[in-house]
Every structure is written in C-alpha cells, then in structure tokens.
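A short write-up of the structure that comes next.
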Protein chains: 2
Amino acid sequence: MKYTQSFIKTLKEVPADADSINASYLERAGFIEKQMAGVYALLPLGFKVYKKIESIIREEMNAIGGQELLMNILQPKELWDETGRWAEGKDVMYQFKDARDQQIGLGWTHEEQIVDIVRKKIQSYKDLPQALYQIHSKFRNEPRAKSGLLRGREFMMKDLYSFHADEADFNRFYEEVKQAYLKIFKRLGLEVRVVAASGGLIAKYSHEFQVFTEVGEDTIFYCEKCDFAQNKEIAEVKEGDKCPNCDGEIKMAHGIELGNIFSLKSKYSEPMKATYADKNGAKKVIIMGCYGIGITRTMGALVEVSHDDFGLIWPESVAPYRAVLIDLTGKADSIYEKLVQAGIEMLYDDRAVPAGVKFSDADLLGIPYRLVVSEKTGDQIEIKKRTEKESHLDNIDNIIKNLGQ
Amino acid sequence: MKYTQSFIKTLKEVPADADSINASYLERAGFIEKQMAGVYALLPLGFKVYKKIESIIREEMNAIGGQELLMNILQPKELWDETGRWAEGKDVMYQFKDARDQQIGLGWTHEEQIVDIVRKKIQSYKDLPQALYQIHSKFRNEPRAKSGLLRGREFMMKDLYSFHADEADFNRFYEEVKQAYLKIFKRLGLEVRVVAASGGLIAKYSHEFQVFTEVGEDTIFYCEKCDFAQNKEIAEVKEGDKCPNCDGEIKMAHGIELGNIFSLKSKYSEPMKATYADKNGAKKVIIMGCYGIGITRTMGALVEVSHDDFGLIWPESVAPYRAVLIDLTGKADSIYEKLVQAGIEMLYDDRAVPAGVKFSDADLLGIPYRLVVSEKTGDQIEIKKRTEKESHLDNIDNIIKNLGQ
C-alpha cells in the first residue's frame, strides 16, 4: 500500500479525550476512531490488526473441531425469560421496544440462543459432542465505559459453546480449549496466566486468561513459583501468604482479562430443556461449556503491554504491515514492487514530507521492520527492527529472504 | 467434514412458519434458523455460503482500491441530527435510550459516521480519492419483516463509500463500482439488470442491481432489446410501450434488489462540512458516492432463483461443499481422505441411515457434485452433478482432476 493512497492519517497530538494508553496511541496512529464513550470504529489500519487476531483465533478454534456460525444480535425477551436472565441482566443488556411493541435486547452473550438452536437439533448421544462458535459484535450497556478498547459498550468477541453427553467428555474438551487459548495468546505475543475466578452472570466459576499490567482492572493473587492464581473476587489467599500448592510466596498483580472459559454444566440446558437420548433411550440433560475471547480488548491489551515513547510495537503475527519502506530518493518504486511481488505486506511511505516525519510515523505505527532507501544507502537498503536501535545495510535479495520468513 | 461430526440437521417437513421459498428450503436444509420475524442465525452450513459470498465481494472491492474498515452499530443521535436523518429515519431505525439516558440508534446505513470520520482525516486534494467499505450487521425496525432472508430486521451488508475532489472523478469511480458489481453477481451465478431507481432515504437517484423473479417485491419496466430498465417508482414508461432507447417493447418484471449505488454528490458532505483544500488552497466540498450489497439477501435470492422440487442448487462458487461423498459400503474412509488431501471441500455422509435418506439429503443440501461408493461401483466411484440427471462411473484420479478445477 502506498501511503499517499492509504487512509492513514496520524495525529501529532494525543486526542484530548483519550482515556488510556491504548486509546491514545491507537487514535493518534489512526488505527481507531472514537464515536462515543466505549464505541470505536476500526479504521483500515486497525481493521488489519483486528483481522489478523481474528484469523489466529479462528484457526485454533477450527483445530479443536469448532464449527463457525453467526447468531443474531437482536434477542427476543421471551427466550431470555426462560433462564431469568432478561431481568437478571437488565443493567448489562440494551433492552428496548421495537415497532411492534415487542421487547428486544442486544446480545452480550449467546447461551440462550445457542441452547435454543441446539435443543431443536440434537436428539441423540450420536449427535454429541458439538462445538459451535461465532465471531461478532457484542454490546454492554456500560454507564462508565472507559480505558479505550478495554471496556467498551460495543466490541468484537469470539464466543464458543460446547455440548457433551457427560461431564467426562466436557472436562476433556474444557482442557482442549484451555490449551488452544494458551496457543492463541502465545501466537499473539501475549504472556497470559490462567486465573481461577467467579463466573459472574454466566456461571458460578470460570478460568480467566489474564495479561498482567499496571492498568489492569482485576486484582490477581498468584504464586510466582507454580501455576496457582486466583482473582481477588474468590481469592482464599492474600499478598505475602504462602502458596497453598508449593512453598512459593503469593504476589499481587493487576490483570486485563482477555478470555474466559466457563463450566456451565446444566445451568442453561436444564431450564431450557436441552436433552438427548442416551444409548438406552433415556432422556439426559446436555452438559455445556462456554468460552470467550474479547478480540478488540485483546487488541487494546497488546498496546498496553507493547509500546514505547515513540509509539506502538506490534508483534509480527498481527502487525498491519510487515515492513514500512521509507523513500528519501523518489526512486524506490521498483524496490517496493519487488517486495510486494515477493509477497511481503508493505507500507510504502512515498509522501512528499520531511524525512523526520516519515521516521516518526514509522515508529508511531509500530510496524516490525523499517526499510530506508536514501542517497547514503546506495544500491543497498537500510533495515531496522522496530524493537532494536541498530540498523544495518543489506541487499534486496537478503531482505526479501529475511522478511519472507 | 464427516456428516456424523457435523451440525447438519435436515428436516423432513417445511417449518410451519416459513414465509418464502428461501426460508423454507434454507431452514429445512439446516442452513439458517429463525429467531424471530426477520431475524435468522446462520448455522454452520449457511455460514459457509455466507463467507464465500463475502469473499467474492471483498475481492472485488479490494480490486477497485477499496479499503476495509469496521464502523460501529451503536449510533449517537447528535450525529444523525446533523443531516436531519434521526427524525427522517425514525420508522426505519431502532432508536432507544442507554443507561446514561442518551439517545442511541442502530446503524441501518453509515453515511453520517463515515463522513464524520472523513471530515476529521481529509484535508487536501492530495488525500483524495478514497474508497472505504465495511461488511457488518445492519438493522431495520421493520414492522412487517417477511420473505425469509429477503426482507430482514437484521442482515449482513457490504457498504462502500467513496470520496472525490470533483464530479468527474466521482463519475469515473461510480462506473468502476458498477462494473465490479456486475463481476460479483456473475461470479455468484446471478443474472442481474441495472435498473434506474429513486434513492429513497439515502439519495435522490440510484441504480439498483435487480435479479428478476416472480417473488421480487419491486416492479421493473425494461426493454428486452437494450439495457433500458426503470423501477416502477420513477418509471416514465409502462408495459407495452416502445422503448425510448431503441425500437424494442417495454416488458414488466418483478425483481429482488441485491445491490444499489447512489450518487450522493454533496448531500452529506455539505451539511456535515466535509471539505478539502484544492490546489489553490480554496475550500471545496467533497463529492461522494455510496454503494451497498445485501449479502444475506443475496443468499436468499440465490435460493429463489436456483432450486428444484428436491432442494437447493448452489452455484459452485458459493456451495458449502464442492462434493458430497455417499458411502453405502462402510469402506469409503480412504477415498474421503484422498479427496480431502487433494484440497477438495468434501462432505462425507458416513451416517448409518438408509441410502434413500442420504440421496435425498444430498439433493436437499444442493451440493454441486454427488459421489457414491457402493457394492455396484466396485473400484470406481459414481459421480453426478446436482443439475444433471445422468451419473457416470470414474476412477478417483479423474474425479480429483475434475473437481479440483
């Protein structure tokens, strides 16, 4: 993409109403645009990052047998009354009347609808297990939306629901999802910890995938030596305690919850009568789990944990472009063409602006590699990683080999 | 995908509340599930078709320089007041109050928001032209949702917006989009006609991309000999008239509007003050167009024009699977593996159900090719196109060559 043809517009100043590190960097660098508190548009640059995170999640969901579908956002009250969550969730759910005076809510989670679908389709133990997921907009009627993409009123989420004949099969799959989640966050370059927590309005207990950072809203007590970690809301330990699992000491940290997995068991299938016939023809309640990842929140968290004074630092797996080519000669078109033909996702800064502007924008955008063509570089190209200070000269063929990996 | 592991559940009977051919076939075949009037979930099979339509549209939008972004569904009243469309569109737009007592609407189109973004980002003629599009859920507060996916209250849409320095550049791009749309519908196997029409709440005039079918809601007057076609709402001709362009006769047809393109010119940019500085530094109003395609509606229209008494008939470009393999021997696993390894998207009907059920489900699902392995076929495989009556025997290598195209 040539910069002059792109929709990339960076700002020199941090927007006045940016409420967090992620919002200020992402708005300044032109990845997102605030529409109202907690509601952001993903501009083309931000959309590219979003899509890459989405792809990684989709790949790992498909790898464990997830089948993708797309449920609707508009939810009828009657369905949510079956579980009592229309009333229970009224502070979270946007609820209003439509043109026919019927009560409608906007989906903030989809247990009711997926159970409604499954109870019509699943009849026998032969139809189980099933793992169904979607990637779609979710809504929360947050009076105090804040922290940019971390706590939004409209956000993108992946939600997976699984259905099993018995608890043993559910436990097997729950562990598979846990491993898939760890793979996803590793691919995203995020260090996460699995934290025991309450399940809020969804279930009694859950496991959260938390990335530790000072701006995290959640307080976590964890052991540095083993994998013990509890969210404060259910914690049986406090800072300085001895770990119940080993002889390590309990520490405190703040975390951003990027994903969560819930043991639903029969919480929804029982009141909604989602049953199957077992081998002997006996009617049994379906055992369920559900598993979420906040995709736009993950994008915000990536910024919180990976930036410096000059701007964003995207991990290579989700960067909007692999490299930015800065042309100070007006003659780099053929180099750009070569890189594009080699299949490297390039941003070509062909603007007629001072070199300093190009360099500072390259840093601000956080693209992993910076290539410079100038009078000084001659037939060669200067290459520098966003995370390193030192650059070196190399020829185009080596650079293609290097970046093509 | 093995049928026994899939979430495919067909119904023997047409659902009682199906209100159209597309809803009855799609629900019976397990592609969609009705949640309430005009609101459907896309089940895994339907989602696959949806994704393929989406991909074709995305490819053609990128080919004409479209940059993808993702705007939000929640819309603040203030923004829509700038053009007067909060009040004007109140019968179409879901409007309600949030937890902070602010008025919110659900996006049914996005001119206001995209102009709001663009007026903050575009300053100079050098920043133009721009073409920005998104693919996302849209909402219409329809009191009489009907016709399955054809007139929904929640649906998927691609909406593209273009921004130009002058009308000449806008006209050039408008024609490019028209050609891109014709390519898209051709790839989808749909014969469409470009019809002059009014622009409704969006603009004064538009061009619609109509597929002719008896169930279409729109009345179109067209000439069979040339490309003259007008929607009844603006028509200057009637059935039996002589075509104003040639000596052909005007006919009448009913159409389903799958896409539309609008000359917005300065309708939104002027009241919202979206301007740029021209070469001389003079402030000029940005010239705009917008261009929609109803993706789920297109899926419904495909069913309306392509089915028979036995079920759906998907064009190869969007079929959920390329071929269904029906095993009547219990020994076809290795054939299935070979086909999958050759990169052919297969549905493998490995169910322990009577042959007749497998055959009728294969027809109902509308998958382009049916492969049968039985005692009779020996070392060979019987292959039949969904659209043809005759089958023939062939060996696996030829079949792979054939289907791999």
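No lab work stands behind these numbers, since they all come straight from the coordinates. From a predicted model like this one, the values you see are computed outputs, not experimental measurements. We place every Cβ from the backbone using ideal geometry, glycine too, and count neighbours over all the protein chains shown.
Looking only at the range A:191-217, which residues have a backbone nitrogen under 15 Å from a spot 7 Å from the Cα of A:K146 in the C-beta direction? From the range A:191-217, the list is A:214-217. Exceedance of the 29 Å cut-off in Cα-Cα distance is limited, within the set A:K51/B:K48; B:K52/B:K90; A:K52/B:K183; B:K90/B:K238, to B:K52/B:K90; B:K90/B:K238. Each peptide among B:38-44, B:6-12 gets the average number of other Cβ atoms lying within 10 Å of its residues, and from highest to lowest they stand as B:38-44, B:6-12. Inter-part distance, the range A:329-405 to the range B:270-337, computed on C-alpha centroids, equals 36 Å.
Find out how many positive minus negative residues lie around A:V14, taking Lys and Arg as positive, Asp and Glu as negative, among other residues whose Cβ is under 10 Å from that of A:V14.
For residues surrounding A:V14, the net value is -1.
Using θ = phi - 60° in the Karplus curve 6.51 cos²θ - 1.76 cosθ + 1.60, the 3J(HN,Hα) couplings for the range B:239-244 round to 3, x, 5, 7, 4, x Hz; x is entered for Gly and Pro. For the rotational copy pair B/A, the chain B residue whose Cβ lies nearest the symmetry axis, together with its distance in Å, is B:F96, 2. Pairs of Lys residues in the range B:321-404, spaced 8 or more positions apart or belonging to different chains, with C-alpha separations under 18 angstrom: 10 in total.
Taking only the Cα atoms of the range B:94-253, the radius of gyration and Dmax are 18.9, 63 Å.
Taking GluC sites (Glu not before Pro) across the range B:1-70, the ones in a DSSP loop with at most 12 further Cβ atoms lying within 10 angstrom of their Cβ are B:E13. Taking Cβ atoms as reference points and 9 Å as the exclusive limit, the residues near A:G240 contribute a net charge of 0, counting Lys and Arg as +1 and Asp and Glu as -1. Here B:M252 yields copy-to-copy label distances, from shortest upward, of 7.8 nm, the label point defined as 7 Å from Cα along Cα to C-beta. Mean sequence separation of contacting Cα pairs (under 8 Å, at least six apart), scaled by the length of chain A, corresponds to a relative contact order of 16 percent. If a/c stays under 1.5 just call it rounded; otherwise compare a/b with b/c (prolate if a/b is bigger, oblate if not). Do that for the range B:229-365, with a ≥ b ≥ c from the square roots of the Cα gyration tensor eigenvalues. Since a/c reaches 1.5 but b/c is at least a/b, the shape of the range B:229-365 is classed as oblate. When the GluC sites (Glu not before Pro) in the range A:169-222 are filtered for DSSP coil states and for at most 11 other beta-carbon atoms within 10 Å of their beta-carbon, the remaining sites are A:E191, A:E214.
Rounded, prolate or oblate: which fits the protein assembly as shown when a ≥ b ≥ c are the square roots of the eigenvalues of the alpha-carbon gyration tensor, with rounded for a/c under 1.5 and prolate only if a/b beats b/c? Rounded, since a/c falls under 1.5. Model label points for A:K385 and B:E78, set 7 angstrom from Cα along the Cα-to-Cβ axis, are 4.5 nm apart. Spin-label model, B:E224 to A:C226: label points 7 Å out along the Cα-to-beta-carbon direction sit 8.4 nm apart. Starting from the label point of B:V340 at 7 Å along Cα→Cβ, the same points in the other copies fall at 3.9 nm, in ascending order.
Are there trypsin sites (Lys or Arg not before Pro) in the range A:315-405 that DSSP marks as loop and that have at most 12 other Cβ atoms within 10 Å, and which are they? Of the trypsin sites (Lys or Arg not before Pro), the ones in loops of the range A:315-405 whose Cβ has at most 12 other Cβ atoms within 10 Å are A:K331, A:K376, A:K389.
For peptide B:120-126, the mean count of partner chain Cβ atoms within 10 Å of a residue's Cβ comes to 2. By its C-alpha gyration tensor, with a ≥ b ≥ c as the square roots of the eigenvalues, how is the range A:355-405 shaped: rounded for a/c under 1.5, else prolate for a/b larger than b/c, else oblate? Note, shape of the range A:355-405 comes out oblate. How high is the FRET efficiency between A:N395 and B:E270 when r is their beta carbon distance and R₀ equals 45 Å, given to the nearest 0.05? Working from the Cβ atoms, E equals 0.30. Per-residue mean of foreign Cβ neighbours for A:83-95 is 1 (Cβ atoms of other chains, 10 Å radius).
Charge tally around A:N395: other residues with Cβ under 14 Å, Lys/Arg +1 each, Asp/Glu -1 each, net -2.
With its label point defined 7 Å out from Cα along the Cα-to-Cβ axis, A:K225 lies at 9.4 nm from the matching points of the other copies, in increasing order.
In chain B, the longest principal axis of the Cα atoms and the axis of helix B:167-187 are about 10 degrees apart.
Peptide A:9-16 shows a mean partner chain C-beta count of 1 within 10 Å per residue C-beta. Per-residue extension of 0.36 nm, minus the Cα-Cα distance of B:D241 and B:K12, leaves a gain of 77.7 nm for this segment.
The stretch between B:E316 and B:N402, if pulled fully straight at 0.36 nm per residue, gains 29.7 nm over its current Cα-Cα span. Close amide-amide hydrogen proximity is noted between B:K2 and B:Y348, each under 5 Å apart and 5 or more residues distant or on a separate chain (H modeled in the peptide plane; Pro and chain starts excluded).
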